[in-house]
Amino acid sequence: MELHRRCESNPKPSGETGGSSLFPKRPGIARAAAMQASPQCPTNLPQPSSEEVTSGADIISTVEFNHTGELLATGDKGGRVVIFQREPESKNEPYNQGEYNVYSTFQSHEPEFDYLKSLEIEEKINKIKWLPQQNAAHSLLSTNDKTIKLWKITERDKRPEGYNLKDEEGKLKDLSTVTSLQVPVLKPMDLMVEVTPRRIFANGHTYHVNSISVNSDCETYMSADDLRINLWHLAITDRSFNIVDIKPANMEDLTEVITASEFHPHHCNLFVYSSSKGSLRLCDMRASALCDKHSKLYEEPEDPSNRSFFSEIISSVSDVKFSHSGRYMLTRDYLTVKVWDLNMETKPVETYQVHDYLRSKLCSLYENDCIFDKFECAWNGSDSVIMTGAYNNFFRMFDRNTKRDVTLEASRESSKPRAVLKPRRVCVGGKRRKDDISVDSLDFTKKILHTAWHPTENIIAIAATNNLYIFQDKVNSEMH
């Protein structure tokens, strides 16, 4: 895998605010495990410093390509959305792909305060989803913990001049001064990108929204929090339909929470949601209005020989993605990524170890809360390669056909523009090669949680804290 670094962005920080959640760091069964006595073991992993723990407003919290890949949106903890546009290919260098440059930046969410619950609602953008383009304008959904907003992005490169009843500043003229009529004309102007809020979907969730997904019917979308999933119509803001509710009558009986959800890419009646117990539930909205009874349950039996204190925590699914074909599902838990066939519920058809060398470090990772990190995963356009993030600004790629995998690093120090990324290797004791890095030297404050893959080309976007890296496959390379 040879990838070039294309560009990087480091937005300027702005204000930040705190927030609260149903389970701030330790969701569901992880919370129950966290309440038990932690096993004693040495903490030999580097502990984050106070400066590194501070959640800066410019830390990227989500990355998403649109359906054509021409636009790329990022959201950050400061509530801002930055949209990058791919520039046209250069005529002088036809084999050189267009760069992504900043297209528009706008403030999507502001910090709020829930006076009834005395809780701060932070402005952090949890998810961004693009809507299929219907006309010249683009539309996207963005959400923080509570409020989902629909934004319209339009371009304007002409302005009308020669109004009969308005002056140049847009104020109404005195009608007695209008003695003749003229035909208004459109005159060229500098290109202006306008972003306007079209709809605000509020008050739909008691707990924090963790995912949104646009349906293939292009009319509805769903939003999920820890315990419920709601179905919205894009044209209706004052009501939604609850389609999944796993909240028990007594919250003391709570054993799992919803961690992610997504609509099937082709069948508007199907959707899947994952849980903190490591299971997937495929639901069919044709069966009943409330989909508490799933159509299929995908769950892998646990190997008793591998069971440990941390088994339930690391089995929590942090992300689920349908393949472009709709035949498979990709899930990410703490140590692995798994590919599930929709027709086989008993076990995944493929399992890939992301960083198995951390299995012996789980106690230390528990102590510094890294074990609760939520990594995302992504398919390439042909569903042949999968990608996910890791620590030390590493990200991993797995080729499903050749079964080869590669570890690459996204960092300013190791990659210059147009440079080819060199595969990295983590060494666990014993002999070490020249460029290997010891597992004890990994920086656990640098983590790749958010990734995105261009829908048709081998271009990927990697969010490394407050930096966005865009890589592309080497031109004429035989690798994916």
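Could you calculate, for the stretch 86-192, the ratio of the Cα radius of gyration to the Kirkwood radius, expressed as Rg to Rh? All intermediate terms of the calculation are to be shown ahead of the outcome.
Working: Rg = 22.1 Å, Rh = 19.0 Å.
Using Cα coordinates only, the ratio equals 1.16.
For the ranges 120-128, 340-348, 240-248, what's the packing order if you count other beta-carbon atoms within 10 Å of each residue, average per peptide, and put the highest first?
Details: 120-128: 22.4, 340-348: 14.9, 240-248: 16.6.
Taking the mean over residues of other Cβ atoms within 10 Å, the ranking is 120-128, 240-248, 340-348.
Just to compare against my own numbers: the Cα pair-distance distribution for the stretch 138-242, 10 Å bins, whole % per bin, please.
Cα pair-distance distribution for the stretch 138-242, in percent: 13, 30, 17, 16, 16, 6, 1.
Using alpha carbon coordinates only, what is the Rg to Rh ratio of the stretch 222-289, with Rh defined as the Kirkwood radius? If you can, show how the numbers build up before the last one.
On the way: Rg = 12.7 Å, Rh = 12.9 Å.
Checking Rg against Rh, the ratio lands at 0.98.
How large is the accessible surface of E300 in square angstrom, using a 1.4 angstrom probe and rounding to the nearest 10?
Here the residue's solvent-accessible area equals roughly 80 Å².
Highest mean first, what order results for 355-364, 311-320 on Cβ atoms within 10 Å? Can you show the working numbers first?
On the way: 355-364: 18.1, 311-320: 21.9.
Packing proxy ranking, top to bottom: 311-320, 355-364.
Computed FRET efficiency, Cβ-Cβ of R404 and R286, R0 41 Å: what is it to the nearest 0.05?
On the way: r = 41 Å, r/R0 = 0.99.
That pair, R404 with R286, gives E of 0.50.
Multiply the residue separation of L181 and N306 by 0.36 nm, subtract the distance between their alpha-carbon atoms, and state the gained length in nm to one decimal.
Numbers: separation 125, 0.36 × 125 = 45.00 nm, distance 8.45 nm.
Net length gain for the segment: 36.5 nm.
Cα-Cα pairs above 17 Å in the stretch 285-369: how many percent?
Details: 2046 of 3570 pairs.
The proportion of pairs with Cα distances above 17 Å equals 57 percent.
According to a simple spin-label model (label point 7 Å from Cα along Cα-to-Cβ), what is the distance in nm between H67 and N269?
Computed distance between label sites N269 and H67 equals 2.2 nm.
So what's the stretch 353-458 giving for Rg/Rh, alpha carbon basis, Kirkwood Rh from the mean inverse pair distance? Could the numbers behind the result be given before it?
Values: Rg = 14.5 Å, Rh = 15.0 Å.
Radius of gyration over Kirkwood radius for the stretch 353-458 works out to 0.97.
Can you tell me how the stretch 152-309 classifies by the Cα gyration tensor, rounded, prolate or oblate, using a/c under 1.5 as the rounded cut?
On the way: a/c = 3.52, a/b = 3.21, b/c = 1.10.
Prolate.
Would you mind calculating the gained length between K152 and N101 on full extension (0.36 nm times residue separation, minus the Cα-Cα distance), in nm to one decimal? Don't jump to the answer; show the numbers that get you there.
Numbers: separation 51, 0.36 × 51 = 18.36 nm, distance 1.93 nm.
Fully extending the segment from K152 to N101 adds 16.4 nm.
Using a 1.4 Å probe on the protein heavy atoms, what percent of the accessible area of the stretch 115-237 belongs to carbon and sulfur?
Working: 3500 of 6900 Å².
Of the solvent-accessible surface of the stretch 115-237, carbon and sulfur hold 51 percent.
Is the stretch 236-388 best put as rounded, prolate or oblate by its Cα gyration tensor, with a ≥ b ≥ c the root eigenvalues, rounded for a/c under 1.5, and otherwise prolate when a/b is larger than b/c, oblate when not?
Working: a/c = 1.85, a/b = 1.28, b/c = 1.44.
Oblate, because a/c is 1.5 or more while a/b does not exceed b/c.
Show log10 I(q)/I(0) for the stretch 169-210 at q = 0.17, 0.22, 0.29, 0.33 Å⁻¹, two decimals, from a solvent-free Debye sum over equal Cα scatterers.
Each listed q maps to, in turn, -0.82, -1.00, -1.14, -1.20.
The values are calculated or read from the model by the stated rules, or taken from the named source; none is laboratory data. Note that the structure is a prediction, hence the values are computed from the model and not measured. Please note: Cβ atoms are built from the backbone with ideal geometry, for glycine as well, and neighbour counts cover all protein chains shown. Quick note on the areas: whole protein, heavy atoms, side chains included, nothing else; ligands and nucleic acids left out. Shrake-Rupley method; radii C 1.70, N 1.55, O 1.52, S 1.80 Å.
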